[in-house]
Amino acid sequence: MKVKPKIMKGEELPGLLVNEIGGMHGILHDHVEFLKKHFCLITMKEFLENKKNMSKKVQAVYLWWHKPVIDKDLLQSLPNLKVIANSGVGMDHLDLKLVASFGVKMANAPCAVSSSTADTGMALLLASARRLVEGYHVAVSPGMEYCEADFLGVEVTGATLGIIGMGSIGYKIALRAKAFEMKILYHNRTRRKEQEEQAVGALYCEKIDDLLCQADFVMVVVSLTPQTHKLIGKREMELMKPTATLINISRGAVVDQEALVIALRSGVIRAAALDVTYPEPLPRDHPLLKLKNVIITPHLGIKTDKATRMITEEAVENILAALAGLPMPSEVHPS
Amino acid sequence: MEAQELPCVLIDCIGGKHGVYEDHAEFLKERFCLITMKEYLENKNFLGKKIRAIYMWYHKPVINEELLQSLPNLKIVASSGVGIDHLDLSLLSSYGVKVSNTPFIVSTDTADLGMALMLASSRRLVEGHQMAISPDTEYFPADWLGAEVSGATLGIIGMGTIGYKVAERAKAFEMKILYHNRKQRNKEEERAVGATYCKKIDDLLQQADFVMLVVNLTPQTHKLIGKRELQLMKPTAILINISRGLVVDQDALVEALQNKVIKAAALDVTYPEPLPRDHPLLKLKNVIITPHIGSATVKTRHLMKENMTESIQAGLAGLPIPNEVLL
């Protein structure tokens, strides 16, 4: 549903607060023109330099990579703030109750995220199984590695994939994995409908242990909550097969990183592929960076032109709906 | 005395980089009397007459006319993998020697690797990994992006067994699939994967976001992708090669990548393998190369060994040979 802004001639566009444009955590330059069609863009720098005039103008905030940080001070200084739109689907960096207490609505961007994140999961699974990064280094190394190497990976086709977290991203992973003739197990807070299970040939494991001891690949696709914090720890990794691979595309804190280092060093599991860590990036002397059987990627999740563009479009739709007092396509309520 | 009854099979060597794996050798020794090239060369006169089959692993031992002349009782050559471009089939036929390969068991692994390379290249996985572990990295820039695979257009050149399995996998990523092949597949096969036939390769090249080469190497496919074909591709397109290095004009590819005629390439195969260490392809940021690991999984290599053993046993017994390669 497209919502057109009701702007009268001469009236100002609503103020949209963003962290910055470009740079480390800024709105992408490519998106600025599109945003300026609907909003008067105000950066944090401009806001802080001119709080008195700017504070009443801001009706919405667009978070890009979790910035600007939303705290009580900021909320108190934005009396006309109606909505905060988050780029991406994870909301663990926001105090949902605090925001709601100020009467401010929140939205995430679930639709744009799922395909590209599912693709990231599959990319990591395949790269790890077939030792793609190691292979690359052998193929381009100036030394004698090529002459010594003859390494084998593990099969993906026909292997067992255990998906922990079967939301929209997890389900898209199941759809892709099915085409690789993988046997699919899943663990989720709630069981999916029978037709949904049948469409991907997925078997529900009420107990996570059942999934862990059967899977050749364990893919973690949950949102970060107090319940999923360190969901995969020493116990869970010891339940996994020694030939199994752990893939994490959710949040670093879902995995006990110290336990993971030990498990990988001692062969408790075969390998890991992590698109997310805690923190990001890891300290440069962290043991995970040195292990041969680990692939780490810099939170690729939704980092494509297409996905980022769709995220901004989704955010704009949500903001415009909120400002017009209409139902928002992807409103998030504090649970 | 029992060991003498086992048929003698020539292999290159056991262990080392491209030798028969130690654990495979155990299996083979239960069925054959294995003779390494070294042993053969040290005792040509005696062993030459005994050798009835050659177990060719990673294209070794190399078979030439000299060798064929010294193995009067050679009946069959079992070659690992599906490609047979390294064999002179006419020559072998002229000596009455049969040939077998291992076609179908490599298909899924090779298709999987094709998908792995497409995903890794489009999402800049190798570059990303380097950034993630580099001692110089302080943060991950927000505007560092890759290209989306889901919903993009994949052009498959060569829609044999492996090409079709690539299509099956790509379909699950909601990709639009075009293909070019000597023959068009039947309607049900096309419909099952949502593939559209491009009789002219140019049509495929102009529309595809990803071009995947899955042909075998023949005189017709030699340098199939050259300067002209690369220029027809989109500047945002990525070339993936899982067939043979010689299917691509490598010099033209280097030029195309350097001049941004295409966006990137991912190659499991090159010519030669390995490339000389000073080859420009090794230095380009937008190239991923892997050391011909298309079928390199533990399970598939076991299946290869079993297939080849069956073919040799059938060949020596005068029975129909599974996976025989005919001229």
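Considering region B:103-129, and only residues there that are more than 18 Å from A:Gly121 (Cα to Cα) and surrounded by fewer than 23 Cβ atoms within 10 Å (Cβ to Cβ), the residue that is nearest to the other protein chains (Cβ to nearest Cβ) turns out to be B:Ser107. Do we have A:Ser223 as under 23 Å from A:Gly167 (Cβ atoms), among the polar types (S, T, N, Q) and crowded, with 22+ Cβ neighbours inside 10 Å here? Here the answer is no, as A:Ser223 does not meet what is asked. Total residues in region B:168-178 satisfying the condition of being touching a residue at least 24 places away in the same chain (Cβ under 8 Å), in contact with a Gly (Cβ under 7 Å, 6 or more places away or on another chain) and either of a type in the set (Phe, Trp, Tyr) or facing chain A (nearest Cβ under 8 Å) (or both): the figure is 1. Where strands (runs of 3 or more DSSP E) sit wholly within region A:174-248, those with at least 2 residues that are closer than 18 Å to A:Glu155 by Cα occupy A:183-187, A:217-220, A:245-248. Is it the case, given these coordinates, that B:Gly146 is more than 8 Å from every other protein chain (Cβ to nearest Cβ), small (Gly, Ala, Ser) and out of contact with any His (no Cβ under 9 Å at 6 or more places or on another chain)? Here the answer is no, as B:Gly146 does not meet what is asked.
Within region B:228-240, is even one residue surrounded by fewer than 23 Cβ atoms within 10 Å (Cβ to Cβ), under 19 Å from B:Phe173 (Cβ atoms) and not basic (Lys, Arg)? Scanning region B:228-240 turns up at least one residue that is surrounded by fewer than 23 Cβ atoms within 10 Å (Cβ to Cβ), under 19 Å from B:Phe173 (Cβ atoms) and not basic (Lys, Arg).
In region A:217-251, the residue that is farthest from A:Arg270 (Cα to Cα) out of those that are out of contact with any Leu (no Cβ under 7 Å at 6 or more places or on another chain) and basic (Lys, Arg) is A:Lys230. Is there a residue in region B:133-142 that is crowded, with 19+ Cβ neighbours inside 10 Å and more than 7 Å from chain A (Cβ to nearest Cβ)? There is no residue in region B:133-142 that is crowded, with 19+ Cβ neighbours inside 10 Å and more than 7 Å from chain A (Cβ to nearest Cβ). Of everything in region A:141-165, what is more than 8 Å from chain B (Cβ to nearest Cβ) and at pLDDT 95 or above? Give them in sequence order. Residues satisfying the conditions are A:Ala159, A:Thr160, A:Leu161, A:Gly162, A:Ile163, A:Ile164, A:Gly165.
For the subset of region A:13-33 comprising residues that are within 14 Å of another protein chain (Cβ to nearest Cβ) and in a loop (DSSP other than H, G, I, E, B), which member is nearest to A:Leu78 (Cα to Cα)? Talk me through it step by step, then tell me what you get.
Initial filter on region A:13-33 (within 14 Å of another protein chain (Cβ to nearest Cβ)): A:18-32.
Applying the additional criterion that residues be in a loop (DSSP other than H, G, I, E, B) yields A:19-20, A:22-26, A:28.
Numbers: A:Asn19: 15, A:Glu20: 18, A:Gly22: 24, A:Gly23: 25, A:Met24: 24, A:His25: 21, A:Gly26: 20, A:Leu28: 24 Å.
The residue in question is A:Asn19.
Across region A:166-179, which residue is farthest from the other protein chains (Cβ to nearest Cβ) among those that are without any contact (Cβ under 8 Å) to a residue 60 or more places away in the chain and crowded, with 24+ Cβ neighbours inside 10 Å? Quick ask: steps written out before the conclusion?
Of region A:166-179, the ones without any contact (Cβ under 8 Å) to a residue 60 or more places away in the chain are A:166-168, A:170-179.
From the residues that got through so far, the ones that are crowded, with 24+ Cβ neighbours inside 10 Å too are A:166, A:170, A:172-174, A:176-177.
Details: A:Met166: 16, A:Gly170: 14, A:Lys172: 8, A:Ile173: 10, A:Ala174: 10, A:Arg176: 5, A:Ala177: 8 Å.
Among those that are without any contact (Cβ under 8 Å) to a residue 60 or more places away in the chain and crowded, with 24+ Cβ neighbours inside 10 Å, it is A:Met166.
Among the residues of region A:327-334, are any surrounded by fewer than 16 Cβ atoms within 10 Å (Cβ to Cβ) and among the charged types (D, E, K, R)? So far as region A:327-334 goes, yes, one or more of its residues are surrounded by fewer than 16 Cβ atoms within 10 Å (Cβ to Cβ) and among the charged types (D, E, K, R).
Please verify whether region A:243-254 includes one or more residues that are within 20 Å of A:Thr297 (Cα to Cα), over 17 Å from the mean Cα position of the chain (by Cα) and among the aliphatic types (A, V, I, L, M). Give the derivation first.
So in region A:243-254, the residues within 20 Å of A:Thr297 (Cα to Cα) come out as A:244-254.
Add one more test, that the residue is over 17 Å from the mean Cα position of the chain (by Cα), and what stays is A:244-245.
Imposing the further condition that a residue be among the aliphatic types (A, V, I, L, M) reduces the set to A:244.
Looking through region A:243-254, at least one residue is within 20 Å of A:Thr297 (Cα to Cα), over 17 Å from the mean Cα position of the chain (by Cα) and among the aliphatic types (A, V, I, L, M).
Of all the helices (runs of 4 or more DSSP H) wholly in region A:34-140, which have at least 2 residues that are away from chain B (no Cβ under 14 Å) and surrounded by fewer than 19 Cβ atoms within 10 Å (Cβ to Cβ)?
Working: elements: A:44-49, A:51-54, A:72-76, A:96-101, A:110-129, A:132-140.
Qualifying helices (runs of 4 or more DSSP H): A:44-49, A:51-54, A:72-76, A:96-101.
Out of region A:271-311, which residues are within 15 Å of the chain's Cα centre (by Cα) and polar (S, T, N, Q)? Of everything in region A:271-311, those that are within 15 Å of the chain's Cα centre (by Cα) and polar (S, T, N, Q) turn out to be A:Thr277, A:Thr297, A:Thr304, A:Thr308. The requirement of being at pLDDT below 95, within 30 Å of A:Arg270 (Cβ to Cβ), surrounded by fewer than 19 Cβ atoms within 10 Å (Cβ to Cβ) and not hydroxyl-bearing (Ser, Thr, Tyr) is fulfilled somewhere in region B:283-296, by at least one residue. Within region A:258-302, being away from chain B (no Cβ under 13 Å) and part of a helix (DSSP H, G or I) holds for A:Glu258, A:Ala259, A:Leu260, A:Val261, A:Ile262, A:Ala263, A:Leu264, A:Arg265.
Of all residues in region A:232-252, those being under 23 Å from A:Ala127 (Cβ atoms) and surrounded by fewer than 20 Cβ atoms within 10 Å (Cβ to Cβ) number 4.
Looking only at residues of region A:275-297 that are closer than 15 Å to B:Phe140 by Cα and touching a residue at least 40 places away in the same chain (Cβ under 8 Å), we find that the one that is surrounded by the most Cβ atoms within 10 Å (Cβ to Cβ) is A:Thr297.
The values are calculated or read from the model by the stated rules, or taken from the named source; none is laboratory data. Just so you know, these numbers come straight off a predicted model, no measurement behind them. Cβ: placed from backbone, ideal geometry, glycine included. Neighbour counts: every protein chain shown.
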